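The block underneath contains the structure these notes are about, expressed in structure tokens.
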Amino acid sequence: MLDYQKEFIQYALDCGVLKFGEFQLKSGRTSPYFFNTGLFNTGAQLGKLGQFYAQTLLASKIDVDMLYGPAYKGIPLASSASIAYSQLKQDIPFAFNRKEAKDHGEGGLIVGAPLQGKVLILDDVITAGTSVRESVEIINTANATPAGVLIALDRQEKGENEKSAVQEVSERFGMPVISIISLTQIIEFLELEGNSTEQLEIIKKYRTTYGI
């Protein structure tokens, strides 16, 4: 586990973004942890979140020309990550989509820089992969190239076909999917912390049942 990943987990805990307990998921499973980036909801928290996204992009060494955030959750992610990336390495353009195309003024579906070159999609998590599929279609329509997906958390949890949502997206679109942290890092963090043994065992049991 890299230092920034450990820092991110602690920050997510401090902000109430990562919680432990019993949480009902859309899949019907009862998860021992829950993660919601929507709870990074102040200017300082969003700015810090953007730094973690930018650090992960730098660590991945993926070659990209711009960032793209699918509406709605991806909009602040792409915005804050582009600011952080410009401070860490170089200025980078970003864009996001409207849910409905604007038919007046400048019009169009895309806000921000024109989609061109190698485009990295930013999102919080991947569940069904619908957001990624729609993003890929928009990027391809603009004659740009989807270069990968960057998310906050990879739950590393298998679906009906024994593959995780991240694996399915990566294989379907032939591009890398990277995350700031995964369930593996959460478990490593709890092991290093050493004072959450009961919670750790519950999460490990959950991983044994549903993990990839």
- Item | Nonlocal amide H pairs with ILE180, under 5 Å, H built at 1.01 Å | ILE151, ALA152, LEU153
- Query: For SER60 and LYS205, FRET efficiency with R0 = 35 Å and r from the beta-carbon atoms, rounded to 0.05?
  - Reply: 0.70
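Work through the residues other than LYS73 whose Cβ is under 10 Å from its Cβ and net out their charges, Lys, Arg +1 and Asp, Glu -1.
Its environment carries a net charge of -2.
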- Task: Please work out the Cα center distance from the range 125-149 to the range 17-77, rounded to the nearest Å.
- Result: 17
- Task: Output ³J(HN,Hα) for the range 177-191: one whole-Hz value per residue in order, computed from phi by the Karplus curve 6.51 cos²θ - 1.76 cosθ + 1.60 with θ = phi - 60°, and x for Gly and Pro.
- Result: 10, 10, 9, 4, 9, 9, 4, 4, 5, 4, 5, 4, 4, 5, 5
- Efficiency of FRET between THR127 and GLU188 - r from beta-carbon atoms, R0 25 angstrom, step 0.05: 0.60
- Evaluate E = 1/(1 + (r/R0)^6) for GLU198 and GLN87, where r is the Cβ-Cβ distance and R0 equals 45 Å; express this FRET efficiency to the nearest 0.05. 0.65
- Quick one: which residues, 5 or more positions from VAL119 or on another chain, have an amide H under 5 Å from its amide H? H modelled 1.01 Å from N in the peptide plane, none for Pro or chain starts. ASP65, THR145, ALA147
- Would you work out what percent of the accessible area of the chain, with all protein chains in place, is carbon or sulfur (probe 1.4 Å)? 49
- Go through THR208, THR37 and list them by solvent-accessible area, largest first, probe radius 1.4 Å. THR208, THR37
- Message: Nothing charged except the Cβ atoms of Lys and Arg (+1) and of Asp and Glu (-1): what's the magnitude of the dipole of the range 46-189 about its Cα centre? Round to the nearest 20 debye.
- Response: 240
- Message: Could you derive backbone 3J(HN,Hα) for the range 38-54 from the dihedral phi with the Karplus parameters 6.51, -1.76 and 1.60 (θ = phi - 60°), listing whole Hz in sequence and x where the residue is Gly or Pro?
- Response: x, 8, 7, 10, 10, x, 5, 5, 5, x, 5, 4, x, 5, 5, 4, 5
- Dipole of the range 46-174, positive end: most advanced residue of ASN143, PRO93, GLY159 [Cβ charges, Cα centre]: PRO93
- Give the longest segment of the chain that steers clear of trypsin sites (Lys or Arg not before Pro) in DSSP loops with at most 10 neighbouring Cβ atoms within 10 Å, not counting the sites themselves. 62-212
- Note on the structure: Applied in sequence order to the range 55-67, the curve 6.51 cos²θ - 1.76 cosθ + 1.60 (Karplus, θ = phi - 60°) yields integer Hz couplings, x standing for Gly and Pro, of 4, 5, 4, 4, 5, 6, 6, 6, 7, 10, 9, 7, 10
- Item | Cleavage-rule hits (GluC sites (Glu not before Pro)) in the range 54-152: DSSP loop, at most 15 neighbouring Cβ within 10 angstrom | GLU106
- Message: Can you say what percent of the DSSP beta bridges in the chain, counting only those with both residues inside, are antiparallel? Round to 5.
- Response: 40
- Just flag the chymotrypsin sites (Phe, Trp or Tyr not before Pro) in the range 1-31 sitting in loop per DSSP whose Cβ has no more than 11 other Cβ atoms within 10 Å. none
- Message: Between ASN143 and LYS118, what is the label-point separation in nm under the 7 Å Cα-to-beta-carbon projection?
- Response: 2.1
- Per residue accessible area of the chain, 1.4 Å probe, in Å²: 51
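The values are calculated or read from the model by the stated rules, or taken from the named source; none is laboratory data. None of the values given here were measured: they were computed from a predicted structure. Don't worry about glycine lacking a Cβ; one is built from the backbone with ideal geometry, like all the others, and counts go over all protein chains shown. What goes into the accessible areas is simple: the full protein's heavy atoms, side chains included, and nothing from ligands, DNA or RNA. Shrake-Rupley method; radii C 1.70, N 1.55, O 1.52, S 1.80 Å.
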